[in-house]
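Read the figures in this text as sums done on the coordinates, not as results from a lab. All figures in this text were calculated on a predicted structure; none of them were measured in a lab. So basically every Cβ, Gly included, is an ideal-geometry build from the backbone, and we count neighbours across all protein chains shown.
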Amino acid sequence: MPVLAQNLSGPYCQLYFLLYNTGSPGLVCMVTICADSITKHLDRLEEVCNDLGYVDVLTLMRHIMLNTSNMLFLRIPLDESTLVVKSRVILMHGKLSFSNQTSSLSFLGYVGSMRNLSEKLEDSMDFATELILAEKRGELSGQNINQCILEMTIAAPDTMSVSVFFVLFLITTHPQVEEAVMKEIQTVVGERKIKSDDIQKLTVPVMDLVMSKALEDEVIDGYPVKKGTNIILNLGRMHRLEFFPKPNKFTFENFAKNVPYRYFQPFGFGPRACAGKYIAMVMMKVVLVTLLRRFHVQTLQGRCVEKMQKKNDLSLHPDETRDRLEMIFTPRNSDKCLER
């Protein structure tokens, strides 16, 4: 998630985030909340369908990711539909920052009001509460907290949504991968609800580039790099190197054995690596397992990732102004699906 990796405000925020999400209770809670969220949204699938019954998958994913992030980190009342629309405007038209978005994101006012109730916050600890109490102790600034919350509710859910969208799109044109995915789901999860213990047993990859900034003058492989220079790691190229047996194909074979760290860095590395990498992998796996177990997914005729118009800002994403990106969801227990 390049946006989160770039912008999360300061090492203290990263530390709180990592501590909050890497423990066993946090992981169990995360899996349950995410599975419940996608089930709830799939039960209301008509809300993101057009008149022909085609599903706006990107909007569906953004609703799921936003709802899950809110339930995990903030637990505040918000209008999903309105915030999804506003977040797209923010991400398409400029830098994500608290200072120029205050009026459009009223939930930050809600978080601000929580600061006046600090004596009651210990009874209901979540990520936002941890940050607010850290501010009270002088470890974080109000700007740190506001920026971090914006990123958790806008940037992070959007990058995860796009990643899952691309995985689903690729699965629709690679039936052998879908077959392998369904076999793995049946073997690991079966008919029960997905649990935290299942996550490490499930395989599913994605990501294109990560940007870092030089903190001082440096020389890299003989090239002088001045302080403040933006350094883009071309992960799309790195992930197509000689280590992978079929680097240009969407196949589980590329991950049949553990990949050395230098060949696969979808979340960056070092102290500014994506702080949300654990939750990202957990959430994406839970979403894919829950959705694919319930629906067979198809693209509209002739649509594929290779022909899709894309934009490459801080992360690769489809050009939503040009292509028909809807998909067809067919219940797996339906006659139509069984006839396949």
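Rounded, prolate or oblate, given the Cα gyration tensor of region 136-264, with a/c below 1.5 counting as rounded?
Details: a/c = 2.49, a/b = 1.36, b/c = 1.83.
Because a/c hits 1.5 or more and a/b fails to exceed b/c, region 136-264 counts as oblate.
For a quick protection proxy, order the peptides 57-66, 246-255 by their average other-Cβ count within 10 Å, most packed first.
Per-residue Cβ counts within 10 Å, averaged per peptide and sorted highest first, yield 57-66, 246-255.
Of the listed peptides 43-55, 141-153, what is their order by residue-averaged count of other C-beta atoms within 10 Å, with the highest listed first? Walk me through the numbers before you get to the answer.
Values: 43-55: 12.7, 141-153: 21.3.
The peptides rank, most packed first, as 141-153, 43-55.
Over region 234-310, what lengths in whole Å, largest first, do the semi-axes of the equivalent ellipsoid take, defined as the square roots of 5 times the eigenvalues of the alpha-carbon gyration tensor?
Ellipsoid semi-axes (Å, largest first): 25, 19, 14.
Past 18 Å, Cα to Cα: identify those pairs from LYS249/LYS311; LYS195/LYS285; LYS227/LYS277; LYS201/LYS285; LYS249/LYS307, in the order given.
Working: LYS249/LYS311 21 Å; LYS195/LYS285 11 Å; LYS227/LYS277 27 Å; LYS201/LYS285 10 Å; LYS249/LYS307 15 Å.
Among LYS249/LYS311; LYS195/LYS285; LYS227/LYS277; LYS201/LYS285; LYS249/LYS307, the Cα-Cα distance tops 18 Å for LYS249/LYS311; LYS227/LYS277.
Counting only residues 5 or more places away or on other chains, whose amide H sits under 5 Å from the amide H of LYS310 once H atoms are built in the peptide plane?
For LYS310, the qualifying residues are ASP319.
Find out how many positive minus negative residues lie around VAL177, taking Lys and Arg as positive, Asp and Glu as negative, among other residues whose Cβ is under 13 Å from that of VAL177.
Details: positive: LYS183, LYS246, LYS249; negative: GLU178, GLU179, GLU184, GLU253.
It works out to a net charge of -1.
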